[in-house]
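Visitor: Please see the structure below; I have some questions.
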């Protein structure tokens, strides 16, 4: 139940949505009138204006007048309108269209406690009614009240109300949502809004205001892992205050923080609020400034977490995306992706499935674009490291919007990301030294970006052969490039490692760190390693992204029987004879990539064809710095 009214209590925020002409504005106007929440004389003024125009007074005009006044007063939040009942204070968030919903995802109104969804009894459930429900789920709003309005237009029919309730309740269940109440009402006549209805005696449930008073304020996400999103860094003499919002979790002085995507660590020295030091912890929902005991480079877009519960850092992820504009989403087109305080260029690289947002019917027909009001299950690649969480774990960092030419075009939720252990274990007396030459300056000098091209596949698949051919092709184009070959690395750097799972992990970790440094120097590093475990390759990607290097995973695919036939070093023969143990493909597993950037099939393609396939997708990425100038 909503908290009793007190001067200190925060208002319970309620989003009102509904199909055009289903009476949403009338319902809001009626609530404001019946709760005495209108400015003195407002309703009389509007009635006089209607009479002068020869128009019938409507409660919707109240909302229009309030919004117009708010637009003229920049000090008032134009999205929220206050009202109160005897029990609690409320704030109405009026989001009339899809675009306003998606703006709310990144402007804070996504923290609404509840939603009232209005359906006209005369027209019933419409496509927009269904789309709004999908968007409520996208925003993570779980408390929903459905008001079946305009019951006066269907003679207050019980049968019509239950027909709409049954239809829409089933749709909500398919979305994983459940309404706390279905309420028949007539906002125009005031039936079942602030008072119990006299014209629908067959209904014994709560009125709209009674249902609101039964809602629970949204609890701050203090029990979730810490996510502190950096908004800006302010410098005062020698002090640097990192300002941001705590989306989830709790932050205390003395906490050891990891800042992603840099994966740099420091300890919280102080928490500051409006020029005052805070002695109590900062919790989810708080906007604060912090200082660190040891200065590290941090900027807008970074996300701080505790070192044992870090987010996912990647440049490639899966998402469900809702598209809202007439111009379709196109594969390969460059968009802006905004998530919390992060803003990166991105492109959709594949569309696996398309769903109609009003029917939830799905298609898997190899689409290359997403039309308006369709939902796509797709893969997105960003032009730099992105810090994310799966939406089902931490919704705040699992939601994003897509922007094109300054316009919000779609919003989505992230799924399927794999968390890896990025706990900082190195000495606290070791610090990363920032170079004086930037990656951009190196790219301008050499004509290309540094990158890590990670070839993975079974022994005998052709990794080393393709790596050397690719190196030669890049070298002939006057690019700085080098191959890190698995055997060569084990001759020196990793000569002390065997082939147990732990040694394989350490082998890949060391190679990843070397590749990151070489890519930071502007080199296109080509690695040729079996690297059999997906988790190790994901970690290699994270390490590369920590250095802001492009990471491209290339699956050199060849069937085991083909690799055994080739067997250039007689390794398979020895493994079959029991002379080599833990050999990948024989008595140790190989986990094929689930979503590589590039696939070459060496049982079907020649070396030159394989290199051409890689070059076609690699060159645009290496030269992309030019587009950012």
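The values are calculated or read from the model by the stated rules, or taken from the named source; none is laboratory data. Quick caveat, the model's predicted, so the values are computed rather than measured. FYI the Cβ positions are ideal-geometry reconstructions off the backbone, even for glycines, and counts take in every protein chain you see.
Visitor: Mind checking whether some residue in the range 318-336 is under 23 Å from residue 232 (Cα atoms), in the same structural domain as residue 406 (by TED's automatic domain parsing) and under 18 Å from the mean Cα position of the chain (by Cα)?
Guide: Checked the range 318-336: at least one residue is under 23 Å from residue 232 (Cα atoms), in the same structural domain as residue 406 (by TED's automatic domain parsing) and under 18 Å from the mean Cα position of the chain (by Cα).
Visitor: Oh, and also: In this structure, is residue 175 surrounded by fewer than 16 Cβ atoms within 10 Å (Cβ to Cβ) and under 19 Å from residue 17 (Cα atoms)?
Guide: Yes, satisfied.
Visitor: Follow-up. Spot the failing condition for residue 66; the list is (1) at pLDDT below 80; (2) within 30 Å of residue 326 (Cβ to Cβ), and only one is missed.
Guide: Single failed check for residue 66: (2).
Visitor: Within the range 138-170, which residues are assigned to a loop (DSSP other than H, G, I, E, B), in contact (Cβ under 8 Å) with a residue 24 or more places away in the chain and either over 27 Å from the mean Cα position of the chain (by Cα) or farther than 24 Å from residue 392 by Cα (or both)?
Guide: 150, 156, 157
Visitor: Is it the case that residue 311 is buried (at least 16 other Cβ atoms within 10 Å of the Cβ) and either closer than 30 Å to residue 540 by Cα or at pLDDT 90 or above (or both)?
Guide: Answer is yes for this residue.
Visitor: Something else about it: Every residue in the range 171-215 that is over 18 Å from residue 120 (Cα atoms), part of a loop (DSSP other than H, G, I, E, B) and more than 26 Å from the chain's Cα centre (by Cα), please.
Guide: Across the range 171-215, the qualifying residues are 194, 196, 198, 201, 202, 204, 205, 206, 214, 215.
Visitor: Another question, if that's okay. From the list 301, 289, pick out the single residue that is modelled with pLDDT of 90 or more, within 30 Å of residue 596 (Cα to Cα), buried (at least 16 other Cβ atoms within 10 Å of the Cβ) and not assigned by TED's automatic domain parsing to the domain that holds residue 399.
Guide: So the residue among 301, 289 that is modelled with pLDDT of 90 or more, within 30 Å of residue 596 (Cα to Cα), buried (at least 16 other Cβ atoms within 10 Å of the Cβ) and not assigned by TED's automatic domain parsing to the domain that holds residue 399 is 301.
Visitor: For the range 363-379, indicate whether the set of residues that are within 20 Å of residue 553 (Cβ to Cβ) and in contact (Cβ under 8 Å) with a residue 12 or more places away in the chain is non-empty.
Guide: Yes, the conditions are met somewhere in the range 363-379.
Visitor: Collect the residues in the range 352-373 that are surrounded by fewer than 22 Cβ atoms within 10 Å (Cβ to Cβ) and assigned to a strand (DSSP E or B), keeping them in residue-number order.
Guide: Scanning the range 352-373 gives 352, 353, 354, 355, 356, 362, 363, 369.
Visitor: From (1) part of a helix (DSSP H, G or I); (2) surrounded by 21 or more Cβ atoms within 10 Å (Cβ to Cβ), pick out the condition that doesn't hold for residue 489.
Guide: (2)
Visitor: Please list, ordered by residue number, the helices (runs of 4 or more DSSP H) wholly in the range 523-629 having 2 or more residues that are within 27 Å of residue 302 (Cβ to Cβ).
Guide: 534-546, 607-622
Visitor: For the range 366-402, how many residues meet the condition of being more than 24 Å from residue 286 (Cβ to Cβ) and either in contact with a helix residue (DSSP H, G or I) (Cβ under 6 Å, 6 or more places away or on another chain) or not assigned by TED's automatic domain parsing to the domain that holds residue 352 (or both)?
Guide: Residues flagged as more than 24 Å from residue 286 (Cβ to Cβ) and either in contact with a helix residue (DSSP H, G or I) (Cβ under 6 Å, 6 or more places away or on another chain) or not assigned by TED's automatic domain parsing to the domain that holds residue 352 (or both) within the range 366-402 amount to 1.
Visitor: While we're looking at this one, here's another question. For residue 118, indicate whether it is within 18 Å of residue 186 (Cβ to Cβ), in the same structural domain as residue 196 (by TED's automatic domain parsing), modelled with pLDDT of 95 or more and outside any helix (DSSP H, G or I).
Guide: Considered against the rule, which asks whether it is within 18 Å of residue 186 (Cβ to Cβ), in the same structural domain as residue 196 (by TED's automatic domain parsing), modelled with pLDDT of 95 or more and outside any helix (DSSP H, G or I), residue 118 comes out as no.
Visitor: Does residue 225 count as more than 30 Å from residue 196 (Cα to Cα), surrounded by fewer than 21 Cβ atoms within 10 Å (Cβ to Cβ), at pLDDT 90 or above and within 23 Å of the chain's Cα centre (by Cα)?
Guide: yes
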